[in-house]
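Each reported figure results from applying straightforward, stated rules to the coordinates on display, with no laboratory input. These numbers come from a predicted model, not from an experiment. Every residue, glycine as well, gets a Cβ built from its backbone with ideal geometry; the counts of neighbours run over all protein chains shown.
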């Protein structure tokens with residue numbers, strides 16, 4: 001099932017139209033239905049609107065993350081990775097690496113992000 005199909009099902013379950021959802025969230029008419037992929041910020045807004053996790057809205061082919069964590073930041077990170085083909089490939093390769101290498105890579109990325117004022 002695609003992300004938009006999941007959203008349409010949620011709309012149907014809640015008795016609202018996709019057009020109403022778009023209007024209530026401030027999106028243009030038909031903007032969701034015409035989307036091939038929904039950006040993370042929009043998906044977050046939709047998830048918040050329905051009171052569900054972003055993971056629930058992921059297309060079936062992107063549900064490679066099993067944690068279903070209550071920690072929203074984990075869900076957001078999982079979604080961001082799954083939403084970008086290049087990051088998904090990197091993730092698939094990274095999970096094959098020894099844990100020690102992954103920890104070193106995480107430390108290096110945190111250090112780089114801190115220097116770029118991206119991560120605090």
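If neighbour count is taken as other Cβ atoms inside 10 Å, put 48, 41 in order from fewest to most.
On the way: 48 12, 41 8.
The order, fewest Cβ neighbours first, is 41, 48.
Between residue 100 and residue 5, the modelled label-to-label distance comes to 4.5 nm, taking each label 7 Å out from Cα in the direction of the beta carbon.
Please work out the FRET efficiency for the pair residue 109 and residue 41, using the Cβ-Cβ distance as r and a Förster radius of 22 Å; give the result to the nearest 0.05. That gives a FRET efficiency of 0.50. Per-residue extension of 0.36 nm, minus the Cα-Cα distance of residue 90 and residue 33, leaves a gain of 17.6 nm for this segment. Label separation (residue 49 vs residue 16): 0.6 nm, computed from points 7 Å beyond Cα along the C-beta direction.
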